[in-house]
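Asks: Structure provided below as structure tokens; questions to follow.
Every read-out reported here was derived from the displayed coordinates using simple, explicitly stated rules and does not represent laboratory data. Only a predicted model underlies this, so the values are computations on that prediction, with no experimental measurement involved. No Cβ is skipped: glycine too gets one built from the backbone with ideal geometry, and neighbour counts run over all protein chains shown.
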């Protein structure tokens, strides 16, 4: 009995400690970010591996998500003779929700897991301690550029996802199902608000980028320095990122669109 | 050389992202309309606005000339007070213009239709449109129809 309570206590203390380490880690990284603008080439390098390499995945998924939205939305709307509203349906669902959320999940799977594995491997091969030996702060030299790159990439990827998805919906709606293209675009423009819809979607994607990159980097930095530990940390990154994105999405949606 | 091509692709990535945002702004959302800040506001009172909402379109002969900016209740007359934002390029709308609330299609959204009058003077900031026609509430119409039908049978 006592053992159960003790293990529960150990688990609770361990989680709290992890949470505290995670926040301290975040503060150290944030403190390192301003210095990066002097050596921006470090960030550019990471923008390549975090952002550019995710573009193809984002574009293809966005296109297909938009096309599916077009098909499914048409089937429902045509019953009400409202197939002209297809543009509104596609654009609002992509810009408000699917763009940031699905792009965030894909980003966590593609870039987040890679970041964790990379940092975790650096730790287990003692490259990070080696840097400390040479009086180079790995948080500033390794972690901070990756963090900033993730923060910059995520809104751009989400915007690409939404834009491509809307064209995918247009392709299916206009090309395959014969929705009038003028009505498609004009209704979309009437109903989609720049501040209320598009900018809120961008804010969501920035928040998701922040959280996913933070989780990924911390999991890598905090990983047990064995091959098994790195594997577990990578799994945890994807799982925790997915939880964080979906949970935060609900909170943000309630704050942004709850009154409407 | 490797570094150079990395920088080029990153530049292309950032540019593509910004273009996507620009497409969302110009093609998908209504940002282009906000640039027209030369508009002016007029007020119209309606007995019943039905399902009219803020940002509903205001049209004249089917052409969009403005948007509903605000809806409130006039505490003295118990009428709905609708503030209309008209675009600055339509500055020659006569003062005796009539405003009616119509529905686009059977289930579509409601909008305000303006019909030009014959006055020489034009609407300007703060003008009031006196000639208004309330929204057609479908339940009332059906109710009246059934009522008159029942009377006719007697």
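Asks: Quick one: A:213, B:83, B:77, fewest Cβ neighbours within 10 Å first, how do they rank?
Replies: Fewest-to-most ranking of A:213, B:83, B:77: B:77, B:83, A:213.
Asks: Another one. Arrange the following residues from fewest to most other Cβ atoms within 10 Å of their Cβ: A:43, A:190, A:33. Spell out each step's value before the answer.
Replies: Numbers: A:43 22, A:190 19, A:33 16.
Ranked by crowding around the Cβ, least crowded first: A:33, A:190, A:43.
Asks: Sticking with this structure for a sec: Just tell me how shielded A:181-191 is by partners: mean number of partner chain Cβ atoms within 10 Å of each residue's Cβ, no decimals.
Replies: If you average over the peptide's residues, the count of other-chain Cβ atoms is 3.
Asks: In percent, how large is the relative contact order of segment A:148-260, given Cα pairs closer than 8 Å and 6 or more residues apart?
Replies: 31
Asks: Rule-of-thumb check for the protein assembly as shown: C-alpha Rg over 2.2 N^0.38 Å? Working shown, then result.
Replies: Working: Rg = 28.3 Å, N = 414, 2.2 N^0.38 = 21.7 Å.
Compactness ratio reported: 1.30.
Asks: While we're here: Sort A:4, A:58, A:166, A:206 by Cβ crowding within 10 Å, fewest neighbours at the top.
Replies: The fewest-first ordering by Cβ neighbours comes to A:4, A:206, A:58, A:166.
Asks: Tell me the Rg and the Dmax, in Å, that the Cα atoms of segment A:104-217 produce.
Replies: Calculated on Cα positions, Rg and Dmax stand at 20.2, 66 Å.
Asks: Starting from the Cα gyration tensor of segment A:1-160, multiply each eigenvalue by 5, take the square root, and state the resulting semi-axes largest first in whole Å.
Replies: Working: eigenvalues 318, 124, 33 Å².
Gyration-tensor ellipsoid for segment A:1-160: 40, 25, 13 Å.
Asks: Give me the Kirkwood hydrodynamic radius of segment A:176-248 in Å, from all C-alpha pairs, to one decimal place?
Replies: 15.3
Asks: What number, in percent, do you get for the relative contact order of segment B:37-139 if the mean sequence gap of Cα pairs under 8 Å and at least 6 apart is divided by its residue count?
Replies: Dividing the mean separation by the residue count of segment B:37-139 yields 36 percent.
Asks: Helix A:200-221 versus the longest principal axis of chain A: what is the Cα-based angle in degrees, 0 to 90, to the nearest 10?
Replies: 30
Asks: How large is the direction-averaged shadow of the alpha-carbon convex hull of segment A:23-113, in nm²?
Replies: 8.0
Asks: Can you give me the angle between helix A:227-257 and the longest principal axis of chain A, using Cα atoms only, in degrees from 0 to 90, rounded to the nearest 10?
Replies: The angle comes out at about 40 degrees.
Asks: Working only with C-alpha atoms, what are the Rg and Dmax values of segment B:37-139, expressed in angstrom?
Replies: Final numbers for Rg and Dmax: 12.8, 40 Å.
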